[in-house]
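Below: one structure, written as structure tokens.
The values are calculated or read from the model by the stated rules, or taken from the named source; none is laboratory data. On a predicted model such as this, the values are computed, not experimentally measured, just so you know. All Cβ positions, even for glycine, are placed from backbone atoms using ideal geometry, and neighbour counts span all protein chains on display.
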Amino acid sequence: MKSITARLSALGFAAVLAGAGGYIALHEGEVLGSYIDPAGILTACYGSTGSHVQHGQTFTQDECLYMLADDLHEHNQQLMAAVKVPLSEGEHVAYLSFHYNVGTGSFRSSTLLKLLNDGNRVSACHQLHRWVYANGKKLRGLVNRRADEFQMCIRDLQV
């Protein structure tokens, strides 16, 4: 089976978004149905949330891919509307993954975004390490995800 990145590229996604989709899918995992995530949020497929997700749903791999594609498009638009500085490819992938995971409201009110928009790019990347809690509980999966996002974030920066 083709990778998520290759399948998103075939749908016409630019390389950075297709790569981000593969990166996000790796961290979210694939569940061909709806479920409650560790934060207590009704979720489906590759971490998709919203009114389109209902209890007891099942999906095909293609349905999950299209849901991921729609979510990527929406999250990327919201991310780029909030970010006022040019991003490196690594920052773009890392922050899109982060935005996808925490949502628009949390991203827009974050110290991370303030630092980034003030030009403190390395300090903004370091903020990722703070976002490892769900419902007040530190989660190993979020620790690992944020460590990966941090490495991606600083990949293209002079540190």
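Just one of the numbered conditions (1) over 30 Å from residue 123 (Cα atoms); (2) under 15 Å from the mean Cα position of the chain (by Cα) is not true of residue 24: (1). Pairing each residue of segment 136-159 that is within 16 Å of residue 96 (Cβ to Cβ) with any residue that is not in a helix (DSSP H, G or I), provided the two are 6+ apart or on different chains, yields C-beta distances under 8 Å for 146/131; 146/132; 155/88; 156/88.
Taking the criterion of being charged (D, E, K, R) and free of Cβ contacts under 8 Å to residues at least 24 places away in the same chain, no residue of segment 75-89 qualifies. Does segment 87-132 hold any residues that are buried (at least 17 other Cβ atoms within 10 Å of the Cβ), small (Gly, Ala, Ser) and either over 17 Å from residue 159 (Cβ atoms) or under 15 Å from the mean Cα position of the chain (by Cα) (or both), and which are they? The answer is 90, 94, 97, 110.
Restricting attention to segment 32-49 and to residues that are of a type in the set (A, V, I, L, M) and assigned to a loop (DSSP other than H, G, I, E, B), the residue that is farthest from residue 146 (Cα to Cα) turns out to be 41. For segment 50-74, give me each residue that is touching a residue at least 12 places away in the same chain (Cβ under 8 Å) and of a type in the set (S, T, N, Q). Correct list: 54, 57, 58, 60, 61.
Looking only at segment 1-31, how many residues end up being assigned to a helix (DSSP H, G or I) and of a type outside the set (Val, Ile, Thr)?
As a first pass, look at segment 1-31 and keep what is assigned to a helix (DSSP H, G or I): 4-10, 15-28.
Filter once more, so that each one left must be of a type outside the set (Val, Ile, Thr): 6-10, 15, 17-23, 25-28.
So the answer is 17.
Considering only segment 119-136, state which residues are modelled with pLDDT under 95 and more than 18 Å from residue 27 (Cβ to Cβ). Of everything in segment 119-136, those that are modelled with pLDDT under 95 and more than 18 Å from residue 27 (Cβ to Cβ) turn out to be 135, 136.
The residue of segment 53-86 that is surrounded by the fewest Cβ atoms within 10 Å (Cβ to Cβ), among those that are of a type in the set (Gly, Ala, Ser) and more than 25 Å from residue 10 (Cβ to Cβ), is 56.
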